[in-house]
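The values are calculated or read from the model by the stated rules, or taken from the named source; none is laboratory data. These numbers come from a predicted model, not from an experiment. Reconstructed Cβ throughout: ideal geometry from the backbone, glycine too, with neighbour counts over all protein chains shown. Quick note on the areas: whole protein, heavy atoms, side chains included, nothing else; ligands and nucleic acids left out. Shrake-Rupley method; radii C 1.70, N 1.55, O 1.52, S 1.80 Å.
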Amino acid sequence: MRESDAGWAAALHRMWSSVSHITARDDLAQLILPPLQALPGVVAVWGLRHAADDSVLEYRWTGVPLEGERRDLARAAAAGLTPPGLAGLGFAQVLRDRFDLDGEAAGTILVAVDETADVPVIRTCLGQVIEVTREAIRQLGQRRAEHAQQTRDALLAEASLQMDAVLDTTQTLRRIPRMAVPAIAEGCLVYVVEDGRPHLRSSVHVDMRRLSGLLGDPAVTAHLTELVDGALKGVGLPADAALLATRAADVQPLRARGEVVGVMVFLFDRDDAAIPPVAFLRDLAARAALAIDNGSRYERRRRDVVTMQQHLLPTRLPEIDGLEAAAAYLVGDRIIEVGGDFYDVVAAADGSAAALIGDVCGRGVEAAALTGMARHTLAALLQEGATPARAMTRLNARLRLDGSWRFVTAGVASMRLSAGGVVVDWVSAGHPAPVVLRHAGPPERGDGGGAPLGVLALPSIAGSRLVLAPGDTLIIFTDGLTESRGPDGVMFEDHALDEALDRLRGRPIDELVRELAAASAAFGGARTDDIAVLAIRAGNCERGERHE
Amino acid sequence: MNDLIFVVEDTDEDVEAIERAISRSHPRLRPEFFRSGAEVLARLAEPGPVRPWLMLLDLNMPGESGIDVLRRARADRTLDDLTIVVFSSSEDQAETDACNAAGADSYIFKPLNFSLFQSVLSQTLDYWRSRPRSGNVARMVVPPPGESSAQT
């Protein structure tokens, strides 16, 4: 068999060269079975891959197909038995060898031979193939571990990137399990502590129907609650994998800034070798916890800002004969400090009315204090009968007296009813020009002018006159409305303001201000600043009747 | 179960990434690619014994959307055994809920990083191959060209 020896050695070498390059165990059979099949006297070569309980996961073959009842024969032969059915297939003998490797599915190779085969030689060849296979699978496992490490590194990097990109807790809570499943686990549940109790806020499974079944089972939810409560108290309770219908589970507390903000539960169906190390799960949970905590802090801060902003604005506008008034205020998407926009409407004893609007530059506590002062100063003076110019001069003096570097833009629209409609005297101190939305006609822009208050010893104030016919609407606003910018840098004022106004013509006035502010905010997206809009609509010109 | 899977994806980059990822993790699988919902629905309607055991479905496609394909496939009782995996970069929870309600077996998020992309695909395929609906895999071994004279 000298010549055959040389042939087999070459085949074995080719086999070794090939198997060291495969990337999946599925590729192995086509490399290791055919050379055995090629040996003289070999009738069939059957390969069996075993599960952890020794049942057979996969069947491979050359020669006689391993299908149907032959699989029962193969399993019996793999177990060392000699079922009579094998002879019926023309097998004189079946040689068997097996490899087992920690953390890998074991395998059996069966070589069926006829009477002509040189059994000792074939047994030696089978032994050599088993060794090559064992080494190939060991290398595959090593490469798989390296790949798993790369995947985990990538997941941590992507998790940090994705979670840092949003401050919206709901979105963060959805992202966390969606990134983990199925990259590192088959299922992932995120519980967040709210009002002192854990609540399931997000859950993902590679098989959503299975998850739905689990969460619909009271025994499962009770067990999950027990595990989560334990984790919150720092007690690691063992998970009942059978009850959870999974191979393994891991529970990680979500700890951020020394506080446990929730719990993550991972469900694994995969082999133990493919379950990430606990240190990795802890690391992922720590990043998730920080993202959740950042989001919660941001949301708390934002709620505080919105509440404080509401305190700086009138809770309701006065009713004025012959006029309708409505206002809208939107806090910018990413704003976490109180802004300086303000507005008010003042009804004077003589039946005239004034609408005022302003914007203190900057944000924060100092800007908020100035905002309150500016609004109340202007409103009080106007109500006492001071002219807008006089009220602005007093505010200018006060700002300069306080020594603040902050300046204030302001506009006051004094309105009185006349036979032809409503006469509006607009006084501006560096404030954006108003818009008149005609009842039947295109929107018209008024004049701005003047200089912001608090800058000059003697204020620069500009004045202009507008007349509103019945149904016309005066719209005054802060620059957040007009200067919100789209992704291409184009401003709402230049691109979409007129279109929005045309669309909103004839709408009820409260709807008009709300939708106009919303259109600008949608145009500017996350970059939008605060927006204040105040609209006054001329009703029927006869006193006492409201325009409908 | 056979080795055939359908991939419905209209983006060139994603088609390339899916092809590369599957060829590395599951070289025995035969992915057949479709660039639109209409294409795959026509193919699924063809009579013939070879049906895919799994379909990987993108959601946002011109014309018939992924969810349309999903609904049409789930309305066809002859496709009951087909595992449908929605593979999307959409973060819209309403879309996820709609897919689950329409009978998707999985809704998997497309990662940006290729290593993660490959791992996500591989784990999804492994999961569904191991489920009872799929059954055990049995395949004839085809030797590499010139390797041996063994019968296959």
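Okay, here's what the table says:
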| item | result |
| --- | --- |
| For chain A, size of Cβ-based charge dipole, Lys and Arg +1, Asp and Glu -1, in debye | 740 |
| Cβ-based charge dipole, chain A, positive-most Cα from A:Gly103, A:Gly339, A:Ser404 | A:Ser404 |
| Rounded tilt (10° steps) of A:509-524 against the dominant C-alpha axis of chain A | 50 |
| Ratio of the Cα radius of gyration of region A:166-306 to 2.2 N^0.38 Å, where N counts its residues | 1.02 |
| 3J(HN,Hα) from dihedral phi, region A:60-69, Karplus parametrisation 6.51/-1.76/1.60, rounded to Hz, x for glycine, proline | 9, 7, 10, x, 6, x, 9, 9, x, 5 |
| Peptide A:15-27 - average C-beta neighbours from other chains (10 Å radius) | 2 |
| Sequence ranges A:267-278, A:339-350, ranked by mean other-Cβ count within 10 angstrom, highest first | A:339-350, A:267-278 |
| Selection from A:Gly230, A:Ile184, A:Val43, by position along the positive dipole direction of chain A (Cβ) | A:Gly230 |
| Buried accessible area, chains B and A (both chains, 1.4 Å probe, Å² to nearest 100) | 3900 |
| Cα-derived Rg over Rh, computed across the protein assembly as shown with Rh taken as Kirkwood radius | 1.19 |
| Peptide-level mean, for A:309-318, of C-beta atoms on other protein chains within 10 Å | 0 |
| Of A:Gly90, A:Gly421, A:Ala6, farthest towards positive along the dipole that unit charges on Lys, Arg, Asp, Glu beta carbons give chain A | A:Gly421 |
| Chain A - accessible surface per residue (Å², probe 1.4 Å) | 44 |
| Calculated SAXS-style log₁₀ I(q)/I(0) at q = 0.09, 0.13, 0.23 Å⁻¹ - region B:1-113, Debye, Cα scatterers | -0.21, -0.45, -1.48 |
| Karplus (6.51, -1.76, 1.60) ³J(HN,Hα), θ = phi - 60°, over region A:292-307, in Hz, Gly and Pro reported as x | 5, 5, 4, x, 5, 4, 4, 5, 4, 4, 5, 4, 4, 5, 4, 4 |
| Within 10 Å of each Cβ in A:203-209, the average number of Cβ atoms from other chains | 6 |
| Kirkwood Rh, Cα atoms: Rg over Rh of region A:2-145 | 0.95 |
| Sparsely packed GluC sites (Glu not before Pro) within region A:356-451, loop by DSSP, other Cβ within 10 Å at most 16 | A:Glu384 |
| Portion, in percent, of the accessible area of chain A that falls on carbon or sulfur, probe 1.4 Å | 51 |
| Kirkwood hydrodynamic radius of region A:329-373, Cα pairs, Å | 11.9 |
| Whole-Å semi-axes of the ellipsoid equivalent to region A:452-496 (Cα gyration tensor, √5λ, descending) | 26, 23, 7 |
| Theoretical ellipticity at 222 nm over chain A - DSSP helices of four or more residues, -39500 (n - 2.57) apiece, nearest 500 | -13000 deg cm²/dmol |
| Per-peptide average of other Cβ atoms within 10 Å, ordering A:511-517, A:436-442 highest first | A:511-517, A:436-442 |
| Region A:105-242, dipole about Cα centre (Lys/Arg Cβ +1, Asp/Glu Cβ -1), debye to the nearest 20 | 280 |
| Computed over region A:317-538, Kirkwood Rh from alpha-carbon pairs, angstrom | 17.4 |
| Residues in region A:32-49 occluded by at least 50 Å² - accessible area, probe radius 1.4 Å, against chain by itself | A:Pro34 |
| Nearest-0.05 FRET efficiency for A:Asp53 and B:Ala38, computed from C-beta distance (R0 35 Å) | 0.15 |
| Vicinal HN-Hα couplings computed from phi for region A:354-369 (Karplus, 6.51 cos²θ - 1.76 cosθ + 1.60; Hz; Gly/Pro x) | 9, 10, 10, 8, x, 8, 7, 5, x, 9, x, 4, 5, 4, 5, 4 |
